[in-house]
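All remarks here apply to the structure that follows.
The values are calculated or read from the model by the stated rules, or taken from the named source; none is laboratory data. What you see is a predicted model; the values in this text were computed from it and never measured. Here Cβ is always computed from backbone atoms with ideal geometry, including for glycine, and neighbour counts include all displayed protein chains. The accessibility values were calculated without ligands, DNA or RNA, using every heavy atom of the protein model including side chains. Shrake-Rupley method; radii C 1.70, N 1.55, O 1.52, S 1.80 Å.
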Amino acid sequence: MASVSDLLQKVPFLAVLPEQDRASLAAAAKRRRFARGQAIFHKDDPATHLFVIAAGSVKISIQEETGREVLVAVYRGGDVFGELALFDEGPRSATVTALTDTIAYTLSGSDLFVVLEKNPKAMRELLARLTRIVRRLSGQVGDFVFLDLESRVAKYLLDLGELSPGKREVELTQDDLASFVGGTRAAVNRCLADLEKVGAITVGRRHIEIGDPEKLRSQIRY
């Protein structure tokens, strides 16, 4: 149980809770394991729990009527997802799929809000997190308008790297990257090849290593 409590302490809006309340949530958390490629939940599913990733990574995506998938975000160990729909008890707004073998702990909305409603500081931290998500999505819209494809690729790789300080290897397929930046796989492959030529990245089979963040940043042209 100590390990679950330690995991919850890495989540900013849970870290500010009194130790007793965090321990109560840790006791209520359920461990789930997902295989690579397994859907954790689908768009329009009922929303009853949030998820805290203990190990692995997941992608958040929306599928258009044409079948084309649009990648919204990638989350890794220590990240939280699925909290947004708990506020209005509406259905899931996106599909979440395990990018790698993933272990996560689930917390029910009812257990969570019992604790949050008596801890205003934790509630403010959660609202601040939701605000950052909205700002990030707004920034992504601006990127599609103002940046060319190679700039979007470079910026997204930097953003992913900054989510996990000290870790320069991004576990992401080229198909997923193409889905996120709004390009074809062939066009994104050409962008990655160009970035690799200047020494900014190294492309692996299912991952991309950020070799020189400054060189990568220099390829973003506004």
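Brief remarks follow.
- Test: residue in segment 174-182 that is more than 22 Å from Val58 (Cα to Cα) and free of Cβ contacts under 8 Å to residues at least 40 places away in the same chain: no
- Top-ranked residue in segment 69-101 [being touching a residue at least 12 places away in the same chain (Cβ under 8 Å), among the charged types (D, E, K, R) and in a loop (DSSP other than H, G, I, E, B); ranked as surrounded by the fewest Cβ atoms within 10 Å (Cβ to Cβ)]: Glu89
- Screening the candidates Thr106, Thr97, Thr102 for the property of being hydroxyl-bearing (Ser, Thr, Tyr), within 25 Å of Ala187 (Cα to Cα) and touching a strand residue (DSSP E or B) at 6+ places or on another chain (Cβ under 8 Å) yields one hit, Thr97.
- Qualifying positions in segment 41-73 - touching a strand residue (DSSP E or B) at 6+ places or on another chain (Cβ under 9 Å) and closer than 12 Å to Ser179 by Cα: Lys59, Ile60, Ser61, Ile62, Gln63, Glu64, Glu69, Val70, Leu71, Val72, Ala73
- Hits in segment 143-186 - residues which are small (Gly, Ala, Ser), modelled with pLDDT of 80 or more, over 16 Å from Val70 (Cβ atoms) and out of contact with any Lys or Arg (no Cβ under 6 Å at 6 or more places or on another chain): Ala154, Ala186
- Restricted to segment 1-47, the set of helices (runs of 4 or more DSSP H) holding at least 3 residues that are open to solvent by 50 Å² or more (accessible area, probe 1.4 Å) comprises 2-9, 19-28.
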